[in-house]
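The values are calculated or read from the model by the stated rules, or taken from the named source; none is laboratory data. Only a predicted model underlies this, so the values are computations on that prediction, with no experimental measurement involved. No Cβ is skipped: glycine too gets one built from the backbone with ideal geometry, and neighbour counts run over all protein chains shown.
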Amino acid sequence: MGRQLGGVLLGSMELFCLAAELGGFTAAALAAGVTPAAVSRSVSRLEARLGVRLFLRTTRQIRLTEGGRAYFEQCRQALAQLVEAEREVSGQQAAPAGLLRISMGTPYGHYRVLPLLPAFRARYPAVEVEVHLSNRNVDFVGEGFDLAIRARVPADSSLIARKLEDAPLLVVAAPAYLQRAGVPASLEALAEHECIQFLLPSSGKPIPWSFRRDGKELELVTAGGYCCAEDLLGGVTLARSGAGLLQTYGFIVEEELRRGSLVEVLQPFAGRSRPFTLLYPHGRHLSLRVRSFVDFLLEALADQRE
């Protein structure tokens, strides 16, 4: 009985997903090789089982309700995982394949991950990679992401967090700015300087600058007439243009420091870093493509640090 119930439920979920994707019971029926009435009955059984309405129906069209949209995303992922699990067990998928959706912040994406993707796809050509560059926290289920990379780990017990690296923080400025405003020799001198701010996406408040003095870590609130939000690279462009001092990750300004378009200052007070972390949902069946990317990224970043 339990097996039959599971089969009926699985079939109803498949027809429901088809109707949601194709926008109608008739289109879903044609795709599945059944009658529109069979699709309608399957959806009605699901609605009765869940106690919620999945579609708003009119004589011309159907439209997902809010509950239907959330259920559709979860059903689509569950069905995809079942298909992939069958392929792995039966040996049909000997190599990773399919779409990999990743969310990451702009700086880490540009300077750390995106340059590695050609090597990843050369190793696993059947995997398609879709990258979303944003500093906001994502809803894994609702937005269908496989992985996210963040500098600040959200307090979410449903996520597994694996540290990728600790990225050192530096204070830099353009030579033209330092010639005009002077080189700060102490943390107190920052009060006399133009300090380019970056706003936290979650709060809209400037991120305090991090330093180490006399073996102790401290956070310092700085001030200035320039604020950047969403994209830290905007602050780098401002600093390079002579707008002021900027605290940023060392890996972002490596090339500018080599060329001399930016200069590091306040070196005696450096030594702080922030961790970059790989996040994925806890307890979720990890597909072969996700496991392969996690292993590849950890290996590639370890090689870069050596």
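Filtered by the rule that a residue be at pLDDT 95 or above, closer than 30 Å to LEU159 by Cα and part of a loop (DSSP other than H, G, I, E, B), region 229-271 gives no residues. Among the residues of region 228-284, those identified as without any contact (Cβ under 8 Å) to a residue 40 or more places away in the chain and crowded, with 21+ Cβ neighbours inside 10 Å are GLY235, VAL236.
Scanning region 50-74 for residues that are surrounded by 14 or more Cβ atoms within 10 Å (Cβ to Cβ), over 15 Å from PHE25 (Cβ atoms) and either of a type in the set (A, V, I, L, M) or not assigned by TED's automatic domain parsing to the domain that holds LEU15 (or both) returns VAL52, ALA70.
Here are some residues: GLY182, GLY204. Which one is of a type outside the set (S, T, N, Q) and in contact (Cβ under 8 Å) with a residue 24 or more places away in the chain? Walk me through it before giving the result.
Numbers: GLY182 fails: in contact (Cβ under 8 Å) with a residue 24 or more places away in the chain.
Residue meeting the stated conditions: GLY204.
If you go through region 196-227 and pick out every residue that is assigned to a loop (DSSP other than H, G, I, E, B), surrounded by fewer than 16 Cβ atoms within 10 Å (Cβ to Cβ) and at negative phi, you end up with 9.
Of these, ALA119, ALA181, ALA191, ALA85, which one is assigned by TED's automatic domain parsing to the domain that holds GLU230, hydrophobic (A, V, I, L, M, F, W, C) and either more than 26 Å from GLY260 (Cβ to Cβ) or at pLDDT below 90 (or both)? ALA191 is the lone residue from the list that is assigned by TED's automatic domain parsing to the domain that holds GLU230, hydrophobic (A, V, I, L, M, F, W, C) and either more than 26 Å from GLY260 (Cβ to Cβ) or at pLDDT below 90 (or both). Is there a residue being touching a Phe, Trp or Tyr at 6+ places or on another chain (Cβ under 7 Å), under 14 Å from SER12 (Cα atoms), in contact (Cβ under 8 Å) with a residue 12 or more places away in the chain and β-branched (Val, Ile, Thr) anywhere in region 65-78? No, region 65-78 contains no residue that is touching a Phe, Trp or Tyr at 6+ places or on another chain (Cβ under 7 Å), under 14 Å from SER12 (Cα atoms), in contact (Cβ under 8 Å) with a residue 12 or more places away in the chain and β-branched (Val, Ile, Thr). Against the definition (over 27 Å from PRO281 (Cα atoms), modelled with pLDDT under 90 and touching a helix residue (DSSP H, G or I) at 6+ places or on another chain (Cβ under 6 Å)), how does ALA29 come out, yes or no? Against the criterion (over 27 Å from PRO281 (Cα atoms), modelled with pLDDT under 90 and touching a helix residue (DSSP H, G or I) at 6+ places or on another chain (Cβ under 6 Å)), ALA29 qualifies.
Selection of region 61-75 for residues being outside any helix (DSSP H, G or I) and basic (Lys, Arg) yields only ARG63. In region 6-25 there is no residue matching the filter, namely being surrounded by 16 or more Cβ atoms within 10 Å (Cβ to Cβ), in a loop (DSSP other than H, G, I, E, B), at pLDDT 90 or above and not assigned by TED's automatic domain parsing to the domain that holds ARG289.
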